[in-house]
Amino acid sequence: MPSFSLAALTALELAPPGLIDVAAACGYDHVGIRLLPATPGGIAYPLMEDEASLRETIARLNATGVTVADLEVVAFRPETDIASFSAFFETGARLGARHILVAAYDPVLDRFADRFARFCEAAAPYGLTADLEFMPWTSVPDLLTASRMVEKVGKTNAGVLVDAIHFDRSESSVGDIAAIPESRFHYWQLCDGPAERPTTSDEMMRAARTERMFPGEGGIDLVSLARAMPADIAVSIEVPTVELARTMDAGARARRALTAAKRVMAAAV
């Protein structure tokens, strides 16, 4: 079995200390922490602006033995300023984080690539990788485009982040994974969804942000995907289920997600 991380989006209602406690109680090895919102005005926990909360989070990490896999979300837009991330990097280093989730919302890919390269350079002294998550509605819509961007910047800490639902919805292929050097994959995200793909970007966004399914309970071929991914990288379980969250608490959802993920990974062996 690989190590497993509880993604922030699975239980976004929990501030980082609570997320860490749930992860520890359920048997996760890591957590992902959302320091920056995915969309303007979205939920996030900016620990770089709250020293007391940052210290409490570090204390919970030390007490439980859970570690931080990734930090979210650096969404590159035309106005993104690389110099503004100093406190973000410093906070990541204090948390012992390993990876940063990056998304591309800049329609000018040459400009994005230039700033992504500078972002990787800035993150490297803090021991952080920068992992580009492709999503069908972004400027980097599929695995091959993400791989080209990462190779173009040429930084050793630049990576490609595969999320199962985006992989399926973008119609990327297992063969595409085999063509990418394993060193470019630092962790990946596991969830499930209906076999029938949404037909519009709005439907894809809504489903990805609020309506995912637990691994093995949908129609995505997760076993083939798991077999294609490197076996020694962490699996981040990202299952936002807004409707279910009304009747099931975060701990129960996190536990069910981990049990389901282990089932899928065992089937992939």
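So the values come out like this:
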read-out: For residue 26, solvent-accessible area (1.4 Å; no DNA, RNA or ligand), Å²; value: 20 Å²
read-out: Gain in span if fully extended, residue 268 to residue 59, counting 0.36 nm per residue against the direct Cα distance; value: 71.6 nm
read-out: Charge context of residue 157, other residues only, Cβ under 11 angstrom, K/R +1, D/E -1; value: +1
read-out: Built amide H within the under 5 Å cut-off of residue 129, gap 5+; value: 99, 100
read-out: Extension reserve of the residue 259-residue 87 stretch, reckoned as 0.36 nm per residue once the Cα distance is removed; value: 58.3 nm
read-out: Radius of gyration, Dmax [the range 7-60; alpha carbons; angstrom]; value: 11.0, 33
read-out: The chain: antiparallel DSSP beta bridges as a percent of all, rounded to 5; value: 5 percent
read-out: Relative contact order (percent, whole number), the range 185-267, Cα cutoff 8 Å, 6+ residue spacing; value: 41 percent
read-out: For the chain, the fraction of alpha-carbon pairs in successive 10 Å shells from zero, as %; value: 7, 32, 39, 20, 2
read-out: Simple spin-label estimate for residue 217 and residue 49 in nanometres, 7 Å along Cα-Cβ; value: 3.4 nm
read-out: For the range 223-269 versus the range 40-108, the gap between their alpha-carbon centres in whole angstrom; value: 23 Å
read-out: Exposure of residue 121 as accessible area (Å², to 10), given a probe of 1.4 Å and all protein chains; value: 100 Å²
read-out: Value of [θ]222 nm, deg cm²/dmol, for the chain, DSSP H segments ≥ 4, -39500 (n - 2.57) each, nearest 500; value: -12500 deg cm²/dmol
read-out: Carbon plus sulfur fraction of accessible area for the chain, probe 1.4 Å, in percent; value: 52 percent
read-out: Table column - 3J(HN,Hα) (Hz), the range 104-119, Karplus curve with 6.51, -1.76, 1.60, x for Gly and Pro; value: 10, 10, 9, x, 9, 5, 5, 5, 4, 4, 4, 6, 4, 4, 5, 5
read-out: Taking the chain and dividing mean pair separation by its residue count, relative contact order in percent (alpha carbons under 8 Å, at least six apart); value: 20 percent
read-out: Whole-Hz couplings from phi, Karplus 6.51/-1.76/1.60, listed for the range 214-230; x for Gly and Pro; value: 5, x, x, 9, x, x, 7, 7, 6, 5, 5, 5, 4, 5, 7, 7, x
read-out: Pairwise Cα inverse-distance average, inverted: Kirkwood Rh of the range 6-144 (Å); value: 15.4 Å
read-out: Two-decimal log10 I(q)/I(0) for the range 97-195, as the Debye equation yields it once each C-alpha is a single scatterer, q = 0.10, 0.17, 0.20, 0.24 Å⁻¹; value: -0.24, -0.70, -0.96, -1.33
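The values are calculated or read from the model by the stated rules, or taken from the named source; none is laboratory data. Keep in mind the model is a prediction, meaning the values are calculated, not measured. In this analysis, Cβ positions are derived from the backbone assuming ideal geometry, glycine residues included, and neighbour counts consider all displayed protein chains. The protein model used for the area step is the full one, side chains on, heavy atoms only, and it has no ligands, DNA or RNA in it. Shrake-Rupley method; radii C 1.70, N 1.55, O 1.52, S 1.80 Å.
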